[in-house]
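Participant: Got a structure for you, written out below as structure tokens; questions coming shortly.
The values are calculated or read from the model by the stated rules, or taken from the named source; none is laboratory data. Source: prediction; values computed, not measured. No Cβ is skipped: glycine too gets one built from the backbone with ideal geometry, and neighbour counts run over all protein chains shown.
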Amino acid sequence: SGTQHQPVVARLIGNDYVIAWADQSAGNSNIHARVYGLNSAHPEMVINIETAGDQTTPDVTVLTDGRFVISWLNGDKVKARIYDARTSAINVTGTLGNDKYVGTGFAGDILFGDTGDDILAGGGGGDTIDGG
């Protein structure tokens, strides 16, 4: 339901495609995406985590290692999420400096660093990183 607009399509490595679009169905516009194969389709994904305001102008960039980045605008801010070939999310929020991010394990990584001097890493499963 609602209105889907601003679609973008990118060919992934192999014969898969990803389509991203803005979806105006719950008052605000959110970014959605879906990966399609020759004979199958992955479930539709809501890309943005923040739901306040309108999420618009989606774009898809395919990386040389097979992952892809979906970026969009949230007001005047550029947001992005990186997906592996199996469509597992890595969520990263950039900051003002000194940030290094590593996320692995394909289990819904979310990395956030704030106000400099950040190094965040995860690997091997069961990771919890907390502090400041």
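Participant: Checking the conditions here, which among 121, 52, 107 is on the phi < 0 side of the Ramachandran plot and at pLDDT below 50?
Facilitator: The match here is 107.
Participant: Considering 44, 50, which residue is surrounded by fewer than 20 Cβ atoms within 10 Å (Cβ to Cβ) and under 20 Å from residue 15 (Cβ atoms)?
Facilitator: Only one candidate qualifies: 44.
Participant: Looking only at the range 7-29, which residues are at pLDDT below 95 and either polar (S, T, N, Q) or loosely packed, with under 15 Cβ neighbours inside 10 Å (or both)?
Facilitator: Residues satisfying the conditions are 11, 13, 14, 15, 24, 25, 26, 27, 28, 29.
Participant: Could you list, in sequence order, the residues of the range 18-64 that are assigned to a loop (DSSP other than H, G, I, E, B), small (Gly, Ala, Ser) and more than 21 Å from residue 77 (Cα to Cα)?
Facilitator: Residues satisfying the conditions are 37, 40.
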